[in-house]
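**Student:** Here it is, the structure, as structure tokens.
The values are calculated or read from the model by the stated rules, or taken from the named source; none is laboratory data. What you see is a predicted model; the values in this text were computed from it and never measured. In this analysis, Cβ positions are derived from the backbone assuming ideal geometry, glycine residues included, and neighbour counts consider all displayed protein chains. Ligands, DNA and RNA are stripped out before the accessible areas are found, and what is left, the full protein with its side chains, is counted by its heavy atoms. Shrake-Rupley method; radii C 1.70, N 1.55, O 1.52, S 1.80 Å.
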Amino acid sequence: MHLAAFLNAGPMGTSGWRHPDADPHFLTAGYYRHIAKLLEAACFDMAFIPDALSVPRSLGGSFEPAVQWGSGTPRLDPLVILGVMAGVTEHLGLAATLSTGYHEPFHLARALATFDHVSGGRAGWNIVTSFQDAEAQNFGYPALPPREARYARAEEVVSAAAQLWDSWDDGVLQQNKVTGEFGLPNKVRSVDYRGDYVSTQGPLNVPRSPQGYPLLIQAGASPNGRDFAARWADVIFCSHESLASAIAFYQEMKQRVADHGRDPQQVRILPAATVVVGENDADAWQKHYAFAELVHPLAGLSRLAYHVNVDLTQYDLDGPLPDLGEVGVQGHYDEVREFAQREQLSIREIGRWYGARTEGSMVGSVNSVVDTMEQWLERGAADGFMIQATHLPGAFEEFAQHVVPELQRRGLHKTQYQGTTAREHFGLKRAARDEWQQRALRR
């Protein structure tokens with residue numbers, strides 16, 4: 001079982017900061033050092049930080065709800081935070097969310113190759129296309145481009161970045177102090193990439209990194225996103241409210257990967273799992289309900305508006321949720337729409353539910369939770385889980401203290417690291433030179 005930890009570089013969740021055990025010092029290095037050491041001691045494969053490049057303005061066209069209720073803000077720079085975490089760990093994989101919409105390929109390739117070197121091959125890149133108008137407006141655009149245009153640009157950015165990583169062969173550096181020869185120029189080449197959205201000359205000014213390419217992660221749920229993930233991702237992050245939907249998604253994505261000429265065994269699928277454990281099932285559910293009571297309805301509505309990139313105040317909040325058309329995060333919207341129709345919820349009621357919603361909730365005693373996780377693996381729904389914390393660091397502390405030992409006792413989770421790089425933790429090969437040709441061109 002592969003385990004990754006989902007944590008914000010900032011307050012956790014919609015109201016996780018209100019939890020009595022939540023540490024408020026998310027602006028300090030010590031906060032992240034503690035979490036990093038905790039995760040490594042529990043043999044997690046990776047820490048994963050989502051990101052956004054704006055203070056959300058999706059509710060009422062104002063940033064006030066996001067600031068007032070802590071929905072989607074603040075967000076610190078993930079690479080800086082992961083650098084802090086790298087300094088106190090030796091094995092833990094470290095993945096940053098970086099948008100293809102507002103970064104150029106040279107900048108992305110350089111930053112990630114640098115981080116892969118200095119972390120000893122532990123860098124990961126969660127590839128996103130961004131989903132908020134507020135982000136676009138921070139970079140000189142009036143609104144978010146259509147989804148197809150965002151994915152077309154993402155295709156070029158990732159392809160160009162991969163070619164920049166390939167612009168150095170292994171073994172370029174000689175550093176021969178006798179002859180004065182520093183490197184072998186015949187092992188370095190230009191890229192000269194020209195696309196409709198981006199271009200770069202190259203070569204990169206960072207040597208080829210330990211993993212070749214950083215671990216590539218993607219979480220697209222739309223048809224475009226699924227196709228992109230099938231071609232590029234080493235790890236696919238997803239969210240499901242039922243075992244049946246998780247199995248269907250797993251089978252579909254593994255087949256999509258095979259259809260693109262890739263080995264499905266070289267792609268890992270990790271559904272989200274928000275784990276709440278107690279002394280028994282009743283105790284765990286009591287903790288879960290107590291957390292839900294911390295959520296203010298407007299905080300949940302702010303979170304939902306942020307995720308769908310639609311100002312919900314334009315509708316009657318006591319009426320049903322209408323068809324919103326193209327939204328920001330398609331997967332979240334599909335789950336909300338299905339649940340709201342089934343339960344006949346108004347928009348206001350959806351807000352309260354969504355704010356308290358914990359993706360992939362696994363609530364119960366330690367044995368109940370581990371039974372569920374084991375079932376998902378055995379039924380072919382997952383290769384592991386993206387563990388999401390309700391609050392930090394307490395939720396990860398409880399998981400490490402109670403759940404991890406039971407997973408290890410059943411032989412479901414390792415007791416020590418076997419490799420050093422993020423790819424090795426997931427049982428994946430080092431990225432071969434020109435591997436981008438196998439991924440980008442099979443469209």
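**Student:** For LEU27 and HIS117, what does the FRET efficiency come to when R0 = 35 Å and r is the distance between their Cβ atoms, rounded to the nearest 0.05?
**Tutor:** Working: r = 27 Å, r/R0 = 0.79.
The value I calculate is 0.80.
**Student:** Here is a follow-up. What is the distance in Å between the Cα centroid of the stretch 132-152 and that of the stretch 1-60?
**Tutor:** Using only Cα atoms to place each centre, the spacing works out to 26 Å.
**Student:** Also, quick follow-up: Counting only protein heavy atoms and using a 1.4 Å probe, what share of the accessible area of the stretch 58-206 belongs to carbon plus sulfur, as a whole percent?
**Tutor:** 52 percent
**Student:** Just the accessible area for CYS43, please: 1.4 Å probe, Å², rounded to the nearest 10?
**Tutor:** Spelled out: CYS43, probe radius 1.4 Å, area about 10 Å².
**Student:** What's the carbon and sulfur percent of the stretch 310-390's accessible surface, probe 1.4 angstrom, rounded to a whole number?
**Tutor:** 41 percent
**Student:** Among the listed pairs LYS177/LYS429; LYS187/LYS254; LYS254/LYS429; LYS187/LYS414; LYS254/LYS287, which are separated by more than 29 Å between their Cα atoms?
**Tutor:** Details: LYS177/LYS429 34 Å; LYS187/LYS254 36 Å; LYS254/LYS429 17 Å; LYS187/LYS414 39 Å; LYS254/LYS287 36 Å.
Pairs exceeding the cut-off: LYS177/LYS429; LYS187/LYS254; LYS187/LYS414; LYS254/LYS287.
**Student:** Something else: Pull out the extension gain between ASP192 and LYS177, defined as 0.36 nm times the separation in residues minus the alpha carbon to alpha carbon distance; nm, one decimal.
**Tutor:** Working it through step by step, the gained length comes to 2.2 nm.
**Student:** Same structure, new question: Starting from the 7 Å offset along Cα-to-Cβ, what nm value, one decimal, do you get for the label separation of GLN266 and GLU343?
**Tutor:** Label-label distance for GLN266 and GLU343, simple model: 4.3 nm.
**Student:** Against the globular-protein guess of 2.2 N^0.38 Å, express the Cα radius of gyration of the chain as a ratio, rounded to two decimals.
**Tutor:** With N residues counted in the chain, Rg over 2.2 N^0.38 Å equals 0.97.
**Student:** Where only protein heavy atoms count, and the probe is 1.4 Å, what is the accessible area per residue for the chain in Å²?
**Tutor:** For the chain, the per-residue accessible area is 42 Å².
**Student:** Could you point to the residue in ALA258, GLY278, ALA219 farthest towards the positive end of the stretch 216-283's charge dipole, with +1 and -1 charges on the Cβ of Lys/Arg and Asp/Glu respectively?
**Tutor:** So the residue furthest toward the plus end is ALA258.
**Student:** Name all residues of the stretch 154-189 having a backbone nitrogen under 11 Å from the label point set 7 Å from the Cα of GLN201 along its Cα→Cβ direction, giving them as ranges.
**Tutor:** Taking a point 7 Å out along Cα→Cβ of GLN201, no residue of the stretch 154-189 has its backbone N under 11 Å.
**Student:** Now, a different point. I need the phi-derived Karplus couplings for the stretch 195-202: 6.51 cos²θ - 1.76 cosθ + 1.60, θ = phi - 60°, integer Hz, Gly and Pro marked x.
**Tutor:** x, 6, 10, 9, 8, 7, 8, x
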